[in-house]
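Structure first, commentary second.
The values are calculated or read from the model by the stated rules, or taken from the named source; none is laboratory data. Just so you know, these numbers come straight off a predicted model, no measurement behind them. In this analysis, Cβ positions are derived from the backbone assuming ideal geometry, glycine residues included, and neighbour counts consider all displayed protein chains.
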Amino acid sequence: MRTQVGIVGAGPAGLMLSHLLHLEGIESVVLEARSREYVEQRVRAGVLEQGTVDLLRDTGLGDRLRREGLVHHGIELRFDGRGHRIALSDLTGGRSIFIYGQQEGDVDVTCDVIAGCDGFHGVSREAVPEGSLRSFQHEYPFAWLGVLAAVAPSTDELIYAYHDRGFALHSLRSPQISRLYLQVDPGEDVDDWPDDRIWEELRTRLHADGWTLADGPILEKGITPLRSFVAEPMQYGRLFLAGDAAHIVPATGAKGLNLAVADVRVLAEAIAGWYRTGSTDLLDGYSARCLRRVWRVQEFSSSMSSMLHRFPDDDGFRGRVQRAQLEWISRSEAAARSLAENYVGLPLT
Ligand code: DHB
């Protein structure tokens, strides 16, 4: 089979890239190892930055988003049993985030360009010869136990809770579906977390005076490690890596999918430029242009993670520093604005 762009992976990055190329009149074939059902059912990120939402709308993908997407203008930081609202929109000239649930044979392909959009464990990055990429990584001494529950969220805005027993997060997917997370040790087994234990731990860590957490049937649970990873450059010849195939950010702040969309927007533009003019300038600049954003987001996601999680080896010093940071963000508009700017997402450049 002959096409212009071969895309490996039908996740958010691969499908968005295929769509953007289609709008430029460029043909692509998307290869996916898993079944359509697997791809559609997989639990994915649910927090979209303003820029991601604008891109979906501008490229004709805004219909379901308009019907089902929930606009959020703030988040809450919760510690010592009290909530502190970060007014995202007020602090960023009206930008916001959107909650938008994403899950609803051998082929030989010959193509001009390959886009590796097949995630951290995919084959694309592995196909690059040894020594051609430099990778940077950091493992955090904690993981997230994530659950999807059939219960109306007990909050209108996301709650990021700092607690001596570890971090907890109350998020949502829709008015009927809650998404909740607990910090756990990376080696833990999900079988050690029966539903009752999960709800009890969530109630403890999310506690605030005068607030209660409603529980309900847990539909799915899983444990994900938190890690940082970046492969440089995000290119080898005419293979371009995008999204998790090139980089992983720790989950805190929900940046992974948004970063993947930012990559493929740059890549689609570069590929279109090359077909239009014959110049490889934009393609050659792809990696450097993406990596600037990637490292900005690495810094934000790792500092959010470090501020909110309990470190297993903490003798008390780090905890005091974390609390000082949380109090500073609750008190200083400048500190809150810095968090808000990064949280709603920097403009796609
Ligand atoms: C979600 C995930 C995150 O990592 C986060 O910071 C906020 C929300 C979520 O899955 O809803």
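All of ARG203, ARG165 fail the test of being in contact with a Lys or Arg (Cβ under 6 Å, 6 or more places away or on another chain), over 30 Å from ILE7 (Cβ atoms) and away from the ligand (no atom under 16 Å from the Cβ), apart from ARG165.
Quick grid of which residues meet (1) away from the ligand (no atom under 16 Å from the Cβ); (2) in contact with a Phe, Trp or Tyr (Cβ under 9 Å, 6 or more places away or on another chain):
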site: VAL123; (1), (2): yes, no
site: GLY131; (1), (2): yes, no
site: ARG134; (1), (2): yes, no
site: ALA143; (1), (2): no, no
site: THR155; (1), (2): no, yes
site: ARG179; (1), (2): no, no
site: VAL184; (1), (2): no, yes
site: ASP191; (1), (2): yes, no
site: ASP195; (1), (2): yes, no
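Of the residues making up the stretch 29-58, those that are under 26 Å from ARG293 (Cα atoms) and either more than 16 Å from the ligand (Cβ to nearest atom) or in a helix (DSSP H, G or I) (or both) are VAL30, GLN50, GLY51, THR52, VAL53, ASP54, LEU55, LEU56, ARG57, ASP58. The residues listed here are SER28, SER18; of these, the one that is hydroxyl-bearing (Ser, Thr, Tyr), under 18 Å from GLY243 (Cα atoms) and within 22 Å of the chain's Cα centre (by Cα) is SER18. Within the stretch 28-77, if we keep just the residues that are in contact with a strand residue (DSSP E or B) (Cβ under 7 Å, 6 or more places away or on another chain) and among the acidic types (Asp, Glu), the residue that is farthest from SER178 (Cα to Cα) turns out to be GLU49.
Taking the conditions (1) at pLDDT 95 or above; (2) more than 20 Å from LEU326 (Cβ to Cβ); (3) not aliphatic (A, V, I, L, M) in turn, ARG67 satisfies each one other than (1).
Given the criteria among the aromatic types (Phe, Trp, Tyr), within 12 Å of the ligand (Cβ to nearest atom) and buried (at least 16 other Cβ atoms within 10 Å of the Cβ), does TYR236 qualify? Considered against the rule, which asks whether it is among the aromatic types (Phe, Trp, Tyr), within 12 Å of the ligand (Cβ to nearest atom) and buried (at least 16 other Cβ atoms within 10 Å of the Cβ), TYR236 comes out as no. Taken together, the residues in the stretch 149-173 that are closer than 18 Å to LYS221 by Cβ, of a type in the set (Gly, Ala, Ser) and either buried (at least 20 other Cβ atoms within 10 Å of the Cβ) or in contact with a helix residue (DSSP H, G or I) (Cβ under 9 Å, 6 or more places away or on another chain) (or both) amount to 4. Just to be sure, is ARG205 more than 23 Å from GLY256 (Cα to Cα) and in contact with a His (Cβ under 7 Å, 6 or more places away or on another chain)? Against the criterion (more than 23 Å from GLY256 (Cα to Cα) and in contact with a His (Cβ under 7 Å, 6 or more places away or on another chain)), ARG205 qualifies.
Of the listed requirements (1) of a type in the set (S, T, N, Q); (2) more than 16 Å from the ligand (Cβ to nearest atom); (3) assigned to a helix (DSSP H, G or I), ASN258 misses just one: (2).
Reported count of residues in the stretch 224-249, each being closer than 19 Å to GLY11 by Cβ and either assigned to a loop (DSSP other than H, G, I, E, B) or polar (S, T, N, Q) (or both), is 5. Counting only residues that are under 14 Å from GLY101 (Cβ atoms) and basic (Lys, Arg), the stretch 36-66 holds 3 of them.
For the stretch 22-53, the set of residues classified as over 22 Å from GLY6 (Cβ atoms), of a type in the set (S, T, N, Q) and exposed (fewer than 15 other Cβ atoms within 10 Å of the Cβ) consists of GLN41 only.
How about the stretch 303-349: which of its residues are β-branched (Val, Ile, Thr), under 19 Å from GLY83 (Cβ atoms) and not in a helix (DSSP H, G or I)? Result: no residue meets the conditions. If you scan the stretch 31-66, which residues turn out to be more than 22 Å from VAL266 (Cβ to Cβ), more than 19 Å from the chain's Cα centre (by Cα) and of a type in the set (Asp, Glu)? Hits for the stretch 31-66 are GLU32, GLU37, ASP63.
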